[in-house]
Amino acid sequence: MTNDFIYQSTSSRVIFGDGTLAQVGAEIERLGCKRAFLLSTSFQAADLAALADRLGSLAAGNFTDAAMHTPVAVTQAAMAAYDACGADCIVAMGGGSTIGLGKAIAYRNDAPQLVIATTYAGSEVTDILGQTENGTKITIRDPKIRPEVVIYDPALTTGLPTAMSVASGLNAMAHAVEGLYAPDANPITSLLAVEGIRALKNALQLIVSDPENITARSQALYGSWLCGVVLGSVAMSLHHKLCHTLGGTCDLPHAETHAILLPHTAAYNAPAAAKALEPAAALFGGDLGGGLYDLAMDLDAPLALKDLGLDRGMLDHVADLAVKNPYSNPRDVTRDGVMGLLTQAYDGIRPTPS
């Protein structure tokens, strides 16, 4: 018998398929808007300029300084540029940094958002904003943070470097793994989570061997979308709390940090959430933490926090912050437990079932 549950569906309009970038202008107008504020990182400034040319008079202005972990100071600069050009909506083209900036603006002025996802972040379909100020990253959830429209065009991801593709995809998988043991998980989100993990696992292996494989790129976007929906539907637990702490406090790269921690947080919670994690563990031969580590190794993904430049001395501080505020997690979050997890992740040691 199915247990009682509550499921709240998300409200984003998703347009998926090769060549769907051509629909951006029509979607801006469908939102009832006429002056789009275009966002990207400096890395994608040329792509944003090409988009502006495509949109013509619908492009009111642009901002190409989106930054990792969404610093509040950057958001304030973007807000000033948004107001100066008289924009009435946001078009964010890129991955987590750009999407985060668009969300931060919308959280403050409730502007409609359209996202053109070019990585596998998954955050484009969530109501979650993580922003950083004074070395601290905080998380906010609000319905107006979730973008109204998301365009997934696989053709835009064939040029995404393999290393970035892998880290981004493992980041998305972390959303789904954590969604399986979330306190408010339900049968719908769990089905989406397992399917998202399966799709990304298969797609990333193909992308590593054939980066321009459009079928694999499409599967990866599909998987990241499902994983993002899961994250936007349930509460976050240990994995995301640790990643946000490491990112905001130690300024570690977002996707790579998620990729490294994922096997260790999965292994940490496996004894207390075996039933919830069983369908995902089955995709990895029954050992989720070890299987995720082996997959990351096969994909040549980063495996150790020390390789990201983290000072070992920061682990104590991160562990203290991680246990400072209680939050829901299937296994008790103790300082010793977190310190053990972080130490293994720092050294890149394969987690073992406990």
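The values are calculated or read from the model by the stated rules, or taken from the named source; none is laboratory data. Quantities reported herein were computed from a predicted structural model and do not represent experimental measurements. All Cβ positions, even for glycine, are placed from backbone atoms using ideal geometry, and neighbour counts span all protein chains on display. Surface areas here come from the heavy atoms of the whole protein model, side chains and all, with no ligands, DNA or RNA. Shrake-Rupley method; radii C 1.70, N 1.55, O 1.52, S 1.80 Å.
There is no residue in the range 25-34 that is surrounded by 13 or more Cβ atoms within 10 Å (Cβ to Cβ), in a strand (DSSP E or B) and touching a helix residue (DSSP H, G or I) at 6+ places or on another chain (Cβ under 7 Å).
Among the criteria (1) under 18 Å from Pro187 (Cβ atoms); (2) out of contact with any helix residue (DSSP H, G or I) (no Cβ under 6 Å at 6 or more places or on another chain), the one Leu231 does not fulfil is (2). With respect to Leu321, determine if the residue is modelled with pLDDT under 95, within 23 Å of the chain's Cα centre (by Cα) and under 28 Å from Ala67 (Cα atoms). Considered against the rule, which asks whether it is modelled with pLDDT under 95, within 23 Å of the chain's Cα centre (by Cα) and under 28 Å from Ala67 (Cα atoms), Leu321 comes out as yes. Counting just the residues of the range 313-354 that are of a type outside the set (A, V, I, L, M) and within 15 Å of Thr249 (Cβ to Cβ), which one comes out most open to solvent (accessible area, probe 1.4 Å)? Filtering first and then ranking leaves Lys324. One residue alone among Lys144, Lys137 is farther than 24 Å from Gln23 by Cβ and touching a residue at least 24 places away in the same chain (Cβ under 8 Å), and that residue is Lys137. Within the range 104-133, the residues that satisfy the criterion of being out of contact with any Lys or Arg (no Cβ under 8 Å at 6 or more places or on another chain), over 19 Å from Val177 (Cα atoms) and not β-branched (Val, Ile, Thr) are Ala104, Arg108, Asn109, Ala111, Pro112, Leu114, Ala117, Glu133. Screening the range 37-149 for strands (runs of 3 or more DSSP E) wholly inside it with 3 or more residues that are open to solvent by less than 30 Å² (accessible area, probe 1.4 Å) and under 18 Å from Ser11 (Cα atoms) returns the ranges 89-94, 113-117.
Yes/no per residue for (1) within 18 Å of the chain's Cα centre (by Cα); (2) open to solvent by less than 10 Å² (accessible area, probe 1.4 Å):
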site	(1), (2)
Pro183	no, no
Ser190	yes, no
Glu195	yes, no
Ala199	yes, yes
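Would you confirm, using the coordinates I've provided, whether Ser165 is in contact with a helix residue (DSSP H, G or I) (Cβ under 6 Å, 6 or more places away or on another chain) and open to solvent by 20 Å² or more (accessible area, probe 1.4 Å)? No, not satisfied.
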